[in-house]
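Engineer: Pasting a structure below so you can have a look.
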Amino acid sequence: MGSFQNPKPENGFTGTIKPLDPEEFRRQGHLVIDFLADYYNNIETYPVRSQVEPGYLKKRVPESAPHDPEPIEDILRDVQKDIVPGITHWQSPSYFAYFPSSGSIAGFLGEMLSTGFNIVGFNWMSSPAATELESIVMDWLGKMLQLPSEFLFSGGGGGVLQGTTCEAILCTVVAARDQMLNKIGRDKINKLVVYGSDQTHSALQKAAQIAGINPNNFRAVKTTKVDAFGLKAEALRAAIESDIKSGLVPLFLCATIGTTSSTAVDLLPPLCDVAREYGVWVHVDAAYAGSACICPEYRHFLDGVENADSFSFNAHKWFLTTLDCCCMWVKNPSALVKALSTYPEYLRNKASESKQVVDYKDWQITLSRRFRSLKLWLVLRSYGVANLRKFLRSHMKMAKNFEGLIGMDKRFEVVVPRNFATVCFRISPVEIRGDRQIVSKDEVVNNLNAKLLESINESGKIYMTHAVVGDAYVMRFAVGASLTENRHVILAWKVVQEHANALLTAT
Ligand SMILES: *Cc1c(COP(=O)(O)O)cnc(C)c1O
């Protein structure tokens, strides 16, 4: 009879807590859904980029956790009052920063079901539906992307849901590493070389660091504007041959479809040819642009993937699925499993022993894993392939419209060709300098564009982020928030023009 059971209210605490009382769950759950529905309704009234100063929250909340319980109504009131101001509104229709984090009812509800069941699906036995649905959904998605059958379970490969691309790349690097070291000897780890371009996401470098690749053996092969910042096969070959000459062992290439800075595309067929020649594992990172490839007119960007070893894209970026959800396929799951499996006594079971089931714990870093496939399943079923394609195309069209608006204002230029729904643009050097002089690493031009972007973002009306490609500072306009309509794009352009007017007349 501890005080926990005390039926007498102590400081307003009425008896024991019931953390999963079904009726309270129903009542409070409805309050939260209503709260979020109102949030989406009012989202346009908030500054898109949060305007708080560092440390703002410490001033608003108590110094320690409450001793007594507080009602959900009070907590939600504080979420509105204290948390919402510190939120950058990724779901705002005027959010054009980074890449989208596309939300949807189906993705949300799938997440909710997954959280509600709250299972820990490390192996098949721990929740057969979690493993089986994941395998099925990954084959569905693989077919939507027209991945070659070797990537599907039905063709001897298979797909897995990782949390993020960082994890996907790390797992494939580790699989490639162990496959190679088993051939050439564990003591040769210092010889292994990893390749990407200077546009490759930092996820590759992180993976190489964690995987124990010698930091001197990380190659970021240079790209140029002439090649639209795609990695050239000849440049890759030159890097590989020079490494071989130095006695090193080429291990891994990360090719990107839709780079983070400018959505550049590494042309897969020639890169895979070179990689194959030297026995290099090829991972294709299509974190952002992979979604678009479910549309037949964008599928050509994946041509050549049949000669890669692994492929991944983030459903949590532009595929209506809430964070986190990175879809990854491998041709040879056993390479992954050999590098990542363990089989302690407490996890031994008949199903695993039978070798007839997938134990996803052996396809990833962590043991415990979420039931992520539910949200993808809901997204695929609720919208269907046809509407998903329409949705993606609507973003391409809006980005194209934005590009058209830029084209009508001679002060601006689109800096790299648009491949998907992201436009990289800036005030042109001609406008700023008043002449056609080309200055490499043009600080004056870069600084003015940076100043423009900051003044736009400070206004809170829209939010964009920047990139530096080939020494040029560019503003990135990434269309993809689920609530964005063309009117928001038109409005965004007006905001850009107004701020440019003010800046250009002041200088
Ligand atoms: C966003 C992005 C990543 C990183 O994705 P995470 O899921 O956050 O790890 C990697 N590569 C590319 C090309 C990206 O755009």
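The values are calculated or read from the model by the stated rules, or taken from the named source; none is laboratory data. Since the model is a prediction, treat every value here as computed from it, not as a measurement. Cβ placement follows ideal geometry from the backbone for every residue including glycine, while neighbour counts extend to all protein chains displayed.
Engineer: From the list V137, V174, V160, which residue is part of a strand (DSSP E or B) and within 28 Å of R348 (Cβ to Cβ)?
Structural biologist: None of the others qualify; the one that does is V160.
Engineer: Considering each residue of the range 125-154, count those that are at pLDDT below 95 and among the hydrophobic types (A, V, I, L, M, F, W, C), and give that number.
Structural biologist: 1
Engineer: Sticking with this one: Outside the structural domain of L347 (by TED's automatic domain parsing), surrounded by fewer than 23 Cβ atoms within 10 Å (Cβ to Cβ) and either within 19 Å of the chain's Cα centre (by Cα) or at pLDDT below 95 (or both): which single residue out of F96, F108 fits that description?
Structural biologist: Residue meeting the stated conditions: F108.
Engineer: Look through the range 312-368, keep the residues that are within 16 Å of the ligand (Cβ to nearest atom) and among the aliphatic types (A, V, I, L, M), and return whichever of them is farthest from the chain's Cα centre (by Cα).
Structural biologist: The qualifying residue farthest from the chain's Cα centre (by Cα) is I365.
Engineer: Further question on the same structure: Does P19 meet the test of being over 29 Å from the mean Cα position of the chain (by Cα) and either touching a residue at least 12 places away in the same chain (Cβ under 8 Å) or exposed (fewer than 10 other Cβ atoms within 10 Å of the Cβ) (or both)?
Structural biologist: When the stated conditions are applied, P19 passes them.
Engineer: Among the residues of the range 351-393, write down those that are part of a loop (DSSP other than H, G, I, E, B), crowded, with 19+ Cβ neighbours inside 10 Å and of a type outside the set (D, E).
Structural biologist: Answer for the range 351-393, where residues must be part of a loop (DSSP other than H, G, I, E, B), crowded, with 19+ Cβ neighbours inside 10 Å and of a type outside the set (D, E): V358, Q364, R369, R370, F371, R372.
Engineer: Count, please, the residues in the range 186-211 that happen to be within 15 Å of the ligand (Cβ to nearest atom), part of a loop (DSSP other than H, G, I, E, B) and either over 17 Å from A286 (Cβ atoms) or not assigned by TED's automatic domain parsing to the domain that holds D266 (or both).
Structural biologist: The qualifying residues number 1.
Engineer: Turning to a different aspect of this structure: Can you find even one residue in the range 160-174 that is surrounded by 24 or more Cβ atoms within 10 Å (Cβ to Cβ) and away from the ligand (no atom under 16 Å from the Cβ)?
Structural biologist: The answer is no, given that none of the residues of the range 160-174 is surrounded by 24 or more Cβ atoms within 10 Å (Cβ to Cβ) and away from the ligand (no atom under 16 Å from the Cβ).
Engineer: Can you find a residue that is surrounded by fewer than 15 Cβ atoms within 10 Å (Cβ to Cβ), out of contact with any Cys (no Cβ under 6 Å at 6 or more places or on another chain) and either part of a helix (DSSP H, G or I) or not assigned by TED's automatic domain parsing to the domain that holds L271 (or both) anywhere in the range 322-334?
Structural biologist: Within the range 322-334, one or more residues are surrounded by fewer than 15 Cβ atoms within 10 Å (Cβ to Cβ), out of contact with any Cys (no Cβ under 6 Å at 6 or more places or on another chain) and either part of a helix (DSSP H, G or I) or not assigned by TED's automatic domain parsing to the domain that holds L271 (or both).
Engineer: Can you name the number of the only condition in (1) surrounded by fewer than 18 Cβ atoms within 10 Å (Cβ to Cβ); (2) on the phi < 0 side of the Ramachandran plot; (3) in a loop (DSSP other than H, G, I, E, B) that G121 fails?
Structural biologist: Only one criterion is unmet by G121, namely (1).
Engineer: Another question about this same structure. Just to be sure I understand, how many residues within the range 44-72 are part of a helix (DSSP H, G or I) and out of contact with any Leu (no Cβ under 7 Å at 6 or more places or on another chain)?
Structural biologist: Going through the range 44-72 one residue at a time, the tally reaches 2.
Engineer: Another question, then. Looking at the range 293-311, which of its residues are within 16 Å of the ligand (Cβ to nearest atom) and part of a loop (DSSP other than H, G, I, E, B)?
Structural biologist: Of everything in the range 293-311, just one residue is within 16 Å of the ligand (Cβ to nearest atom) and part of a loop (DSSP other than H, G, I, E, B), namely A308.
Engineer: Another one. Can you pull out every residue in the range 281-292 that is more than 9 Å from the ligand (Cβ to nearest atom) and over 21 Å from S135 (Cβ atoms)?
Structural biologist: Residues satisfying the conditions are W281, V282, A292.
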